[in-house]
Structure formats: C-alpha cells, structure tokens
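Asker: Right, I'll just put the structure down here and ask away after.
The values are calculated or read from the model by the stated rules, or taken from the named source; none is laboratory data. Note that the structure is predicted; figures quoted are calculated from it, not measured. Because the Cβ atoms are built from the backbone with ideal geometry, glycine has one as well, and the counts that use them run over all protein chains shown. Accessible surface areas use protein heavy atoms only, side chains included; no ligands, DNA or RNA. Shrake-Rupley method; radii C 1.70, N 1.55, O 1.52, S 1.80 Å.
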Amino acid sequence: MNISGTINALRILYNPSLFLPSVTVSTFNDLPVPLPGGPAGSADEIKVVLLDKDNCFAAPHTNEVWPAYREQWARLRAQYPGDRLLIVSNTSGSSSDVKGVQARELEAATGVRVVQHGGKKPGCYPAILEQLQRDGLVESGRQVAVVGDRLFTDIAMANLMGGHGFWIRDGVVPHTSVFTGFEKRFYDFMRPKK
C-alpha cells in the first residue's frame, strides 16, 4: 500500500489543483517530443524527464517498453539523453526494492537509469529533486517533467516539486481499479471547460 499516495490524496480537500496535469494525452505515443515547458535556455525549460513505468510505457508488472511505443521511446531518449531521462517507479528503485534487483532488471531492459528513492510517490519528491540538483541536472523543479498515469502520485509529485506533469490518461491497458476510476472522474470534473 502506498501510504504517501493515500495521505497526499487528502490534499484534494484543500488544494485540488495539485492533482491536475500540465498536459493530458491518451497514451505514451501521444506525448509531444520535446515536451513543452519554457523556451530553450529559460528557467522553465524541461531538462529532465522522470518516467513512471507501469501502464505508462510498459504493461503493468513488466519491464519491456510496450512494442507499439518503441519508436516514441527512441525519440524521447534521443531528445533527453543520458540522465536527462530517468525512471521513477513505486516498485523498482523504491523502498520496496530493498536490494535494487528490480531496478537493475528494469535498467537492463530499457537502457534508462532507475532513480533509487527511499519512499513512494509523491512523498519522495524532495529527495529526488535534491539528487537531480546535486547531480547538476536541474536548478529547480521547474525544469523537471514527470510523465505518468496516476494523478494522485505522478502528477502530484510533478506539482509538489514545481514541475510539469504529463498525464497518460489511458495507458497500455485499461485501468480497472476504483482509484483510477475516481481519478478520471475527478479530472473530468476539475479540468478547465472550453
């Protein structure tokens, strides 16, 4: 169970905008590359992209990039080379991956580094942002994009660090949980009307 996600979801009572993405797309293939942030060279230019794994670019509980997304994966890796593209998962590399076995397997399958973090999203954001700053990758959270399929974890993490949240609404496979159904209804209710 993700205690951090559950506790942070209670923020919906006083700050519902915390869970709204900067950009919403149906699937990973629909992400605009490069990801829109501030203009090149500005304090808001996206310099690092943090990717969720399950149901974002891979089927849940697998490590391989979904076959239909491989070309998009290559475009994203070319646009954000090396440690500018990282994976942040609530399984691989998290506190539940004590010896880092899952992280190493995911890195081998994708060629992208998995960020090691001691908590779960979104509560791990201060440590991740500090690590990115210490490594000289970003100056502030405004230069970070988080791509994921969950509003209350991935998008909340992006907003808590002051970054850009890219929500994969539909993912690799249809969501069936009550929580993800609630997130979609919440988004439909809260999103700006045209």
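Asker: Looking only at the stretch 111-123, which residues are open to solvent by 10 Å² or more (accessible area, probe 1.4 Å) and touching a Gly at 6+ places or on another chain (Cβ under 7 Å)?
Answerer: Result: 116, 117, 120.
Asker: Inspect all residues belonging to the stretch 139-160 and state whether any of them is aliphatic (A, V, I, L, M) and assigned to a loop (DSSP other than H, G, I, E, B).
Answerer: In the first step, residues of the stretch 139-160 are kept if they are aliphatic (A, V, I, L, M); the result is 144-147, 151, 155-158, 160.
Subset that is assigned to a loop (DSSP other than H, G, I, E, B): none.
No, the conditions are met nowhere in the stretch 139-160.
Asker: Of the residues that sit in the stretch 138-151 and are under 22 Å from residue 97 (Cβ atoms) and out of contact with any Leu (no Cβ under 9 Å at 6 or more places or on another chain), which one is modelled with the highest pLDDT?
Answerer: 149
Asker: To continue, here is another question. Which number in (1) within 15 Å of the chain's Cα centre (by Cα); (2) open to solvent by less than 10 Å² (accessible area, probe 1.4 Å); (3) modelled with pLDDT of 90 or more; (4) not polar (S, T, N, Q) marks the one condition that residue 106 misses?
Answerer: Against the list (1) within 15 Å of the chain's Cα centre (by Cα); (2) open to solvent by less than 10 Å² (accessible area, probe 1.4 Å); (3) modelled with pLDDT of 90 or more; (4) not polar (S, T, N, Q), residue 106 comes up short only on (1).
Asker: Give just the number: which of (1) over 20 Å from residue 149 (Cα atoms); (2) of a type outside the set (A, V, I, L, M, F, W, C); (3) in contact with a His (Cβ under 7 Å, 6 or more places away or on another chain) does residue 94 not satisfy?
Answerer: The number of the failed condition is (1).
Asker: Continuing with this model, one more query. Condition first: of a type in the set (Lys, Arg) and crowded, with 23+ Cβ neighbours inside 10 Å. Now tell me which residues in the stretch 51-99 satisfy that. Walk me through it before giving the result.
Answerer: Taking the stretch 51-99 as the starting set, the residues that turn out to be of a type in the set (Lys, Arg) are 53, 70, 75, 77, 84, 99.
Result: 53, single match.
Asker: Another question, then. Filter the stretch 38-50 down to the residues that are modelled with pLDDT under 95 and open to solvent by less than 40 Å² (accessible area, probe 1.4 Å), then identify the one that is nearest to the chain's Cα centre (by Cα). Step through it out loud before you land on a result.
Answerer: As a first pass, look at the stretch 38-50 and keep what is modelled with pLDDT under 95: 38-45.
Filter again for open to solvent by less than 40 Å² (accessible area, probe 1.4 Å), leaving 38, 42.
Numbers: 38: 18, 42: 22 Å.
This residue is 38.
Asker: Using the structure shown, decide if residue 60 is modelled with pLDDT under 95 and under 19 Å from residue 172 (Cβ atoms).
Answerer: Values: modelled with pLDDT under 95: yes; under 19 Å from residue 172 (Cβ atoms): yes.
Yes, satisfied.
Asker: Output the residue which, of all residues in the stretch 64-100 that are at pLDDT 95 or above and polar (S, T, N, Q), is farthest from residue 171 (Cα to Cα).
Answerer: Ranking the candidates gives 79 first.
Asker: Still on this structure, I have one more. Can you work out which of the residues in the stretch 124-137 that are at pLDDT 95 or above and part of a loop (DSSP other than H, G, I, E, B) is most open to solvent (accessible area, probe 1.4 Å)?
Answerer: By that ranking, first place goes to 135.
Asker: Now for a different question. With respect to the numbered conditions (1) part of a helix (DSSP H, G or I); (2) open to solvent by less than 40 Å² (accessible area, probe 1.4 Å), which one is the sole condition not fulfilled by residue 165?
Answerer: Here residue 165 clears every test but (1).
Asker: List the residue pairs whose Cβ atoms are under 8 Å apart, where the first residue sits in the stretch 178-194 and is within 18 Å of residue 22 (Cα to Cα), the second is modelled with pLDDT under 80, and the two are 6 or more positions apart or on different chains.
Answerer: Hits for this filter: 184/175; 186/12; 186/16; 190/16.
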